[in-house]
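> Dropping the structure in here first, questions after.
The values are calculated or read from the model by the stated rules, or taken from the named source; none is laboratory data. Computed from a predicted structure; not experimentally measured. FYI the Cβ positions are ideal-geometry reconstructions off the backbone, even for glycines, and counts take in every protein chain you see. The protein model used for the area step is the full one, side chains on, heavy atoms only, and it has no ligands, DNA or RNA in it. Shrake-Rupley method; radii C 1.70, N 1.55, O 1.52, S 1.80 Å.
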Amino acid sequence: MTDDWPETEAGALAVQERIARAADLTDPGPAPGAARLIAGVDVAYDEHSDRLAAAVVVLDAATLDVVEQATATGRARFPYVPGLLAFRELPPVLDALAGLSAAPDLVVCDGYGLAHPRRAGLAVHLGVLTGLPCFGVAKTPFVYGHPDPGPARGDTAPLLDGAETVGRALRTRAGVRPVYVSVGHRISLDHACAHTLALTSNGFRQPETTRRADHLCRAALKDAL
DNA sequence: GCGACAG
DNA sequence: ATCTTGTCGC
């Protein structure tokens, strides 16, 4: 699935150009209620080697209960370069996804989608390569600033690139730093934010999907060492 | 030229 | 990403 993977930054930039062009940014995708299986993906790294572990956790959207999960371990094939995160995280994530018995209706990534210098963040890559509706929820600012969202859960502020809205800072918990939502493929920003709020009815800042995937990939990495 | 910079 | 100590609060 990820043979001909770029080895150099120049190669990666060429792939990104193709990915960005292939992204479907017009399909509004599933609204909350229309998606039953929502998957979260994450990757953990060993600090003393190039070993890594990826995890996918599929939740029942209505109850947030775990329906299925899968992991994959391997070695990093690409360094961490801001703007090229997809080339580091995608191979293990795709391997983990291949372990599922059924494709989810929607995938939530840890990181950015459209709100990326070349409109090609992790969520765009994952959506295009799998064909699945996909969006990203990042924990820290990247390249786009924003006005301050209000203090209440659900308050938002646009992530702006000039006059273009590329994402949204979304307060998922009152008085706590917002998360950064941006679409990847086959999902609207409104739907992505609505899903993010539904997935944070757990009282935490981060979506339940990413929390579960984060715990699972850490455990998988520990076992693999 | 220099700094900033998802995970 | 990863390491880390204490601290506050339900």
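> Of the residues that sit in segment A:172-214 and are more than 13 Å from the chain's Cα centre (by Cα) and hydroxyl-bearing (Ser, Thr, Tyr), which one is nearest to DNA strand B (Cβ to nearest atom)?
For segment A:172-214, the residue satisfying everything is A:172.
> Within segment A:190-204, which residues are open to solvent by 30 Å² or more (accessible area, probe 1.4 Å), of a type outside the set (S, T, N, Q) and in contact (Cβ under 8 Å) with a residue 40 or more places away in the chain? Let's see the steps before the verdict.
Let us first name the residues in segment A:190-204 that are open to solvent by 30 Å² or more (accessible area, probe 1.4 Å), namely A:190-191, A:194, A:197-198, A:201-204.
Restricting the remaining residues to those that are of a type outside the set (S, T, N, Q) gives A:190-191, A:194, A:197-198, A:203-204.
Answer for segment A:190-204, where residues must be open to solvent by 30 Å² or more (accessible area, probe 1.4 Å), of a type outside the set (S, T, N, Q) and in contact (Cβ under 8 Å) with a residue 40 or more places away in the chain: A:190, A:191, A:194, A:197, A:198.
> Sort out which residues of segment A:151-203 are in a loop (DSSP other than H, G, I, E, B) and small (Gly, Ala, Ser), and write them in order of number.
Within segment A:151-203, A:152, A:154, A:162, A:163, A:174, A:175, A:188, A:201, A:203 qualify.
> Of these, A:12, A:72, A:86, which one is in a strand (DSSP E or B), within 16 Å of DNA strand B (Cβ to nearest atom) and open to solvent by less than 30 Å² (accessible area, probe 1.4 Å)?
A:72
> Checking the structure you have, find out if any residue of segment A:72-93 is away from DNA strand C (no atom under 16 Å from the Cβ) and not polar (S, T, N, Q).
Checking segment A:72-93: not a single residue is away from DNA strand C (no atom under 16 Å from the Cβ) and not polar (S, T, N, Q).
> Please go through segment A:25-51 and pick out each residue that is of a type outside the set (Asp, Glu), within 16 Å of DNA strand C (Cβ to nearest atom) and modelled with pLDDT under 95.
To start, the set of residues in segment A:25-51 that are of a type outside the set (Asp, Glu) comprises A:25-26, A:28-41, A:43-45, A:48-49, A:51.
Adding the requirement that they be within 16 Å of DNA strand C (Cβ to nearest atom) leaves A:40-41, A:43-45, A:48-49, A:51.
Within segment A:25-51, A:48, A:49 qualify.
> List the pairs whose first member sits in segment A:133-147 and is more than 26 Å from residue A:97 (Cα to Cα), whose second member is assigned to a loop (DSSP other than H, G, I, E, B) and within 13 Å of DNA strand C (Cβ to nearest atom), and whose Cβ atoms are under 7 Å apart, counting only residues at least 6 apart or on separate chains?
Filtered contacts from segment A:133-147: A:142/A:112.
> Turning to a different aspect of this structure: Would you point out which residue out of A:125, A:116 is near DNA strand B (Cβ under 10 Å from one of its atoms) and within 10 Å of the chain's Cα centre (by Cα)?
From the options A:125, A:116, the qualifying one is A:125.
> Let me ask you something else. For segment A:18-31, state whether one or more residues are in contact with a His (Cβ under 8 Å, 6 or more places away or on another chain), within 15 Å of DNA strand B (Cβ to nearest atom), outside any strand (DSSP E or B) and touching a residue at least 60 places away in the same chain (Cβ under 8 Å).
Yes: segment A:18-31 contains one or more residues that are in contact with a His (Cβ under 8 Å, 6 or more places away or on another chain), within 15 Å of DNA strand B (Cβ to nearest atom), outside any strand (DSSP E or B) and touching a residue at least 60 places away in the same chain (Cβ under 8 Å).
> Report the residue count in segment A:31-68 for those that are open to solvent by 20 Å² or more (accessible area, probe 1.4 Å) and touching a helix residue (DSSP H, G or I) at 6+ places or on another chain (Cβ under 8 Å).
Residues in segment A:31-68 being open to solvent by 20 Å² or more (accessible area, probe 1.4 Å) and touching a helix residue (DSSP H, G or I) at 6+ places or on another chain (Cβ under 8 Å): 8 in total.
> Shifting gears a bit: Return yes or no: is residue A:120 out of contact with any strand residue (DSSP E or B) (no Cβ under 7 Å at 6 or more places or on another chain), more than 23 Å from residue A:59 (Cα to Cα), at pLDDT 95 or above and open to solvent by less than 50 Å² (accessible area, probe 1.4 Å)?
Here the answer is yes, as residue A:120 does meet what is asked.
> Given the criterion β-branched (Val, Ile, Thr), within 16 Å of DNA strand C (Cβ to nearest atom) and open to solvent by 50 Å² or more (accessible area, probe 1.4 Å), identify the matching residue among A:140, A:209, A:156, A:165.
Being β-branched (Val, Ile, Thr), within 16 Å of DNA strand C (Cβ to nearest atom) and open to solvent by 50 Å² or more (accessible area, probe 1.4 Å) holds for just one of A:140, A:209, A:156, A:165, which is A:140.
> Sticking with this structure for a sec: Can you name the number of the only condition in (1) within 21 Å of residue A:214 (Cβ to Cβ); (2) over 12 Å from the mean Cα position of the chain (by Cα); (3) of a type in the set (Gly, Ala, Ser); (4) in a loop (DSSP other than H, G, I, E, B) that residue A:96 fails?
The number of the failed condition is (4).
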